[in-house]
Every structure is written in C-alpha cells, then in structure tokens.
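Participant: Pasting a structure below so you can have a look.
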Amino acid sequence: MSLVTTLREIVGNLHVLVEPSDTDPYLLDWRKRYRGAALAVVRPADTAEVARVVAACASAGAPMVPQGGNTGLVGGGTPDSSGTEVVISLQRMNRVRAVDRDNDTITVEAGCILQSLQEAARLHDRLFPLSLAAEGTATIGGNLATNAGGTQVLRYGNTRELTLGLEVVLASGEIWNGLRALRKDNTGYDLKQLFIGSEGTLGIITAATLKLFPLPRAQATAFAALPSLPAAARLLELARTRAGAALTAFEVMSAGCIKRTAIELPSVRVPLPLTAPWYVLLEISDHAGEEHAGGVLEDILSSALDAGTAEDSVVAGSLEQSRTLWRIREGIPEAHAKAGGNVKHDISLPVSAVPAFVEETNAELARRFPWIEPAVFGHLGDGNLHYNMGTVAGTPIAVAFEHEREINDVVHAAVATRGGSISAEHGIGQLKRAILPVYKSPLELRLMRQVKQALDPRGLMNPGKLF
C-alpha cells in the first residue's frame, strides 16, 4: 500500500491533497521566496490523526513539514523541491478546548488563528496579549514554533513566556500530553521549552495551554514625532519610569517607513506632518480607568516635549482613533511588500545599543551602496528592530536583492559586534540556515544537534530548517 493511500485511510480522501491546483497554496511561502514540492498535503482533524499520520510517514521514511497559517518569513514551513516531503497542515485543528477564567488559562489547538484566540479570551473578559500584523491568518502553532514576539513583548513577553503547557506529537508518532495549567512545576526538565522556537524540527505541536490576563479597563495610545533615535531611547526610559508595567507597547518607525506606507496604502491616515526623522507609537494599558491612563500618557508626553525629547505628539481620543494610529505601524510590512519588498533583517540588540547601531550601520551601508534607503521600524521596548533596506527613488529594488548577501554581511556583523541576535522573532528556517554557524558557537550548535538527534534520530521532522 502506498503512503498516500495510507494517509487517505487516516484522514479521508478530501484531506489528502495531491493535485497541483490543490497543493499550490501550501508550497509557496508568504514572501514568495521559496517554492517547494510535496508528495502530499495532509490535513488531519485532531491529535490522534496527527499521530497516525506521523507514524505512517515515519514507517515509510517520508520527511514531514508541519505548517500552520503559512505566514512565516524565513521559509520554515515550506517543503523542499524534492517532492518527497509530506506537508502536515494543522489548519483544521482550530478549536478552543477550554477556558479557565479562575486560573487565567486557555487551551487551544495549534491551528487556532491568533485573532480567534484573542476573541475567545475577550468573551471571558480576559486578554491574550500576543499581537502581530499577521494575527488574522497566523496560527498559534506557528507562533509557538517560532516563539513569536509582536507588539506587547515589552509588558507580557514572547510566546514562550505566555505558555504553560503543550501537547506534542513526537517523531515516533507518540503523543506527549504536557498540557499542564501550572505556573509552578519543578519536576525535572521543562520539556515544553524544547519545542517552543524549534520550528517543527523536534515534533509537531498540536495544542497549548496559555496564560490569560485581566482585560485592561482602558488603553491610551499616542503618536509622537522625535528628533533622533537617541531621543526615542530617552522617551522609552521616561515612559517606563512613569508608567511601569502599564507601558504595553513602544514602537519606533523611521519617517521613510511611514511615507512609504502612506503612499502604498491611501487609507492610512498620518496625524502629524512627516517632518521629523523618527516617530514612536506608545500605548498605556490601565486597570484604573480611562482618566488615569490618559493622565499618565499626557504626563509622559508633556515632560518629553518640555525636554525636547519629542517635537510633537497626538493622543487618540477614542478607540477608533487608536486603531487609526495602530494602522500606521501595522501597515508598514504590507506597504513595503506592495512596493516590491526590501532586504529584511529581524534583529535584536540591547536597547542601549540600538541608536549607535542604526547610526553607524546606516552610514556604513550608505558608504558601500549609495543607492540604499533604510526602512527601520520595530519594537524598541524589547530591542527588536526590523532593519530593512530598500532603494532610493529611481533605483529598482532588484538592485538591493542583487546585493543582499553583502548587505546581510554588514548588518549581521554589526549586530554580532554589539552582542545581538540575527533573528529576534522570525526564526531561522531556510533563510538564515547557512549563516547560523557564523553566529552560534560550535558548542551551542553541538548541543542543538544532540537534542535533535535525541528527539528525531532519523531527521524526518522539518528537515533543512535550522540545520
């Protein structure tokens, strides 16, 4: 019996896709950089089916590629071109299994769309704080596999910090039920941490128990123009001092990013003249009420304006105005994709190192490539920048891609010199696999390979990613 026939017996004919017209959406990554081929795309309905699919593939020696919403940015969920790999899509596994309001936890399946998870929490007057631009299509399984960050890491942490327990199908087809809803559990190795951020190379996450938080009574959002990136760092320090844990977001954007967004997305409305080089979007989430949240934010901005840290600012007067401000930030990736894309870098640095890194690396890139145009934005509050490189008007973006490797070498070397990371929240996937050994020590890589060998000795789980 062929493997495809076996898979059809497990999940049903409708959910084993082999025709190119059916499989094509699963074989191309979001950035359209990687197109693969697959023996089949399998869409199991529950954990038991995933386990049987994995066991069947293992028995046949067929490599497996887990896939969620297919919104990844490094080719981590795309099969290779051999046509021998089986893509295991978890999109049908989208149920909310349980909400425990008293314990502030929610248990969901890996195919649950992030936005649906947020809405399920809100129905119980709770907040699930993970928030990112692709939340309408990204699934929590993919978020876990890449340890996604997003805009509220400053207050709540990455996906890793939001996870209490996991259910995982191992490379053997066994099911590890680690769906513990405990905040304290000192009974040995914390196995769930191995799978979070592993990009599907150790097993397939099928469900998770996640932390919830009381829904804030009020949020206050502001958009401010700043004279420099060091000024943004000073404003961040001021906001942390005045707001403490109530500061939930602090997003920095270069003027060039916003101008491009306004051009490509006419529905985006920018409330201030784009005369400053840098802009910040900051948000206060408060349990004391709107008046208190607004007062804290006004105090921060007033002090910043008096000190010259900020040049101008606007505070959202309603939820709709807040959404309008957030649309500026959230529209940046979409706008740059419409414009033809750019050479992307998802980096992290100590916050104290960010201003000098940007100034010095911008200067070095401009010296080597006079046509380059930086497009810098990101989560300054946690040191994560999307440090992207486009081209000035009149120079095709293709020129930047022709020099992508040289650009990457400059950026990554500058990041490493300052003790940073070449991947803050997107992962390694295929995109950064070849350069990982340059920035990871031989000991770290050896330990990672030993973990891989222990959990996936035949190398069938998402091969060609990370290693």
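The values are calculated or read from the model by the stated rules, or taken from the named source; none is laboratory data. Treat the numbers as computed from the prediction; the structure is a model and nothing was measured. Glycine gets a Cβ as well: all are built from the backbone with ideal geometry, and neighbour counts include every protein chain shown.
Participant: Among the residues of region 347-360, write down those that are within 24 Å of the chain's Cα centre (by Cα) and closer than 19 Å to PRO227 by Cα.
Facilitator: We begin by selecting, within region 347-360, every residue within 24 Å of the chain's Cα centre (by Cα); these are 347-355, 357-358.
Residues satisfying the conditions are VAL351, SER352, ALA353, VAL354, PRO355, PHE357, VAL358.
Participant: Hey, among ALA249, ALA239, ALA245, which residue is crowded, with 18+ Cβ neighbours inside 10 Å, over 28 Å from ALA339 (Cα atoms) and touching a residue at least 60 places away in the same chain (Cβ under 8 Å)? Steps first, answer last, please.
Facilitator: Values: ALA249 fails: over 28 Å from ALA339 (Cα atoms); ALA245 fails: crowded, with 18+ Cβ neighbours inside 10 Å.
None of the other options fit; the residue is ALA239.
Participant: Quick one: in region 437-456, which of the residues that are touching a Leu at 6+ places or on another chain (Cβ under 7 Å) and outside any loop (DSSP other than H, G, I, E, B) is surrounded by the fewest Cβ atoms within 10 Å (Cβ to Cβ)? Step through it out loud before you land on a result.
Facilitator: Quick first cut of region 437-456, residues touching a Leu at 6+ places or on another chain (Cβ under 7 Å) only: 437, 451-452, 455-456.
Adding the requirement that they be outside any loop (DSSP other than H, G, I, E, B) leaves 437, 451-452, 455.
Details: PRO437: 12, VAL451: 14, LYS452: 19, LEU455: 19.
Result: PRO437.
Participant: For GLY317, state whether it is within 22 Å of GLY427 (Cβ to Cβ) and not in a helix (DSSP H, G or I).
Facilitator: Details: within 22 Å of GLY427 (Cβ to Cβ): no; not in a helix (DSSP H, G or I): yes.
Here the answer is no, as GLY317 does not meet what is asked.
Participant: Give GLU135, GLU119 a once-over and let me know the one that is acidic (Asp, Glu) and touching a helix residue (DSSP H, G or I) at 6+ places or on another chain (Cβ under 6 Å). Break it down stepwise before answering.
Facilitator: Values: GLU119 fails: touching a helix residue (DSSP H, G or I) at 6+ places or on another chain (Cβ under 6 Å).
Exactly one of GLU135, GLU119 is acidic (Asp, Glu) and touching a helix residue (DSSP H, G or I) at 6+ places or on another chain (Cβ under 6 Å), namely GLU135.
Participant: Looking at the structure I just gave you, is ASP80 surrounded by 18 or more Cβ atoms within 10 Å (Cβ to Cβ) and part of a loop (DSSP other than H, G, I, E, B)? Steps first, answer last, please.
Facilitator: Working: surrounded by 18 or more Cβ atoms within 10 Å (Cβ to Cβ): yes; part of a loop (DSSP other than H, G, I, E, B): yes.
Considered against the rule, which asks whether it is surrounded by 18 or more Cβ atoms within 10 Å (Cβ to Cβ) and part of a loop (DSSP other than H, G, I, E, B), ASP80 comes out as yes.
Participant: Considering only residues of region 252-273 that are under 11 Å from ILE328 (Cα atoms) and of a type in the set (Ser, Thr, Tyr), which is surrounded by the fewest Cβ atoms within 10 Å (Cβ to Cβ)?
Facilitator: Among them, the one singled out is SER267.
Participant: Please enumerate the residues belonging to region 335-382 that are on the phi > 0 side of the Ramachandran plot and without any contact (Cβ under 8 Å) to a residue 60 or more places away in the chain. Working first, answer last.
Facilitator: Let us first name the residues in region 335-382 that are on the phi > 0 side of the Ramachandran plot, namely 340-341, 378.
Listed by number, the list holds a single entry, GLY340.
Participant: Just to check your reading of the model, which residue among GLY419, GLY464, GLY427, GLY459 is exposed (fewer than 14 other Cβ atoms within 10 Å of the Cβ), part of a loop (DSSP other than H, G, I, E, B) and not aromatic (Phe, Trp, Tyr)? Before the answer, list the steps.
Facilitator: On the way: GLY464 fails: exposed (fewer than 14 other Cβ atoms within 10 Å of the Cβ); GLY427 fails: exposed (fewer than 14 other Cβ atoms within 10 Å of the Cβ); GLY459 fails: exposed (fewer than 14 other Cβ atoms within 10 Å of the Cβ).
The conditions single out GLY419.
Participant: Taking region 152-201, which residues are of a type in the set (Gly, Ala, Ser) and assigned to a loop (DSSP other than H, G, I, E, B)? Give the steps one after another, and end with the answer.
Facilitator: Going residue by residue through region 152-201, those that are of a type in the set (Gly, Ala, Ser) are 157, 165, 171-173, 178, 181, 188, 197-198, 200.
Of everything in region 152-201, those that are of a type in the set (Gly, Ala, Ser) and assigned to a loop (DSSP other than H, G, I, E, B) turn out to be GLY157, ALA171, SER172, GLY173, ALA181, GLY188, GLY197, SER198, GLY200.
Participant: Regarding region 286-299, can at least one residue be identified that is farther than 21 Å from GLY150 by Cβ, of a type outside the set (Val, Ile, Thr) and within 25 Å of the chain's Cα centre (by Cα)?
Facilitator: No - not one qualifying residue is present in region 286-299.
Participant: Restricting the search to region 56-73, which residues are assigned to a helix (DSSP H, G or I), within 15 Å of ASN462 (Cα to Cα) and among the aliphatic types (A, V, I, L, M)? Outline the logic, then answer.
Facilitator: If we filter region 56-73 for residues that are assigned to a helix (DSSP H, G or I), which is where we start, we get 56-60.
Next, from what is left, pick out any that are within 15 Å of ASN462 (Cα to Cα): 57-58.
The answer is ALA58, and nothing else.
Participant: Oh, and also: Name the pairs whose Cβ atoms lie under 6 Å apart, with the first residue in region 76-90 and within 19 Å of ALA56 (Cβ to Cβ), the second among the polar types (S, T, N, Q), and 6 or more positions between them or separate chains?
Facilitator: VAL87/GLN67; SER89/GLN67
Participant: Does SER59 satisfy the criteria of being modelled with pLDDT of 95 or more, more than 27 Å from LEU132 (Cβ to Cβ) and of a type in the set (S, T, N, Q)?
Facilitator: Numbers: modelled with pLDDT of 95 or more: yes; more than 27 Å from LEU132 (Cβ to Cβ): yes; of a type in the set (S, T, N, Q): yes.
It is true that SER59 is modelled with pLDDT of 95 or more, more than 27 Å from LEU132 (Cβ to Cβ) and of a type in the set (S, T, N, Q).
Participant: Being hydroxyl-bearing (Ser, Thr, Tyr) and under 14 Å from ALA307 (Cα atoms) is the filter here, so list the residues in region 227-249 that pass it.
Facilitator: As a first pass, look at region 227-249 and keep what is hydroxyl-bearing (Ser, Thr, Tyr): 228, 241, 248.
Of everything in region 227-249, just one residue is hydroxyl-bearing (Ser, Thr, Tyr) and under 14 Å from ALA307 (Cα atoms), namely SER228.
Participant: Identify the single condition in (1) over 30 Å from LEU319 (Cα atoms); (2) small (Gly, Ala, Ser); (3) not in a loop (DSSP other than H, G, I, E, B) that ALA232 does not satisfy, given that it satisfies every other one.
Facilitator: (1)
Participant: Is there any pair linking a residue in region 210-231 that is under 25 Å from ASN103 (Cβ atoms) to one that is assigned to a strand (DSSP E or B) and of a type in the set (Gly, Ala, Ser), with Cβ under 7 Å and at least six apart or on different chains, and which?
Facilitator: Partner pairs satisfying both residue conditions: PRO216/SER285; GLN219/SER285.
Participant: So, one more: Which of (1) assigned by TED's automatic domain parsing to the domain that holds LEU179; (2) within 22 Å of THR137 (Cα to Cα) is the odd one out, the single condition ASP100 does not satisfy?
Facilitator: All conditions are met except number (2).
Participant: Sticking with this one: So if I check each of THR137, THR151, THR159, which one is assigned by TED's automatic domain parsing to the domain that holds ASN103 and at pLDDT 95 or above?
Facilitator: Working: THR137 fails: at pLDDT 95 or above; THR151 fails: at pLDDT 95 or above.
Result of the check over THR137, THR151, THR159: THR159.
Participant: Would you mind finding the one in ALA393, ALA414 that is small (Gly, Ala, Ser) and modelled with pLDDT under 95?
Facilitator: On the way: ALA414 fails: modelled with pLDDT under 95.
The conditions single out ALA393.
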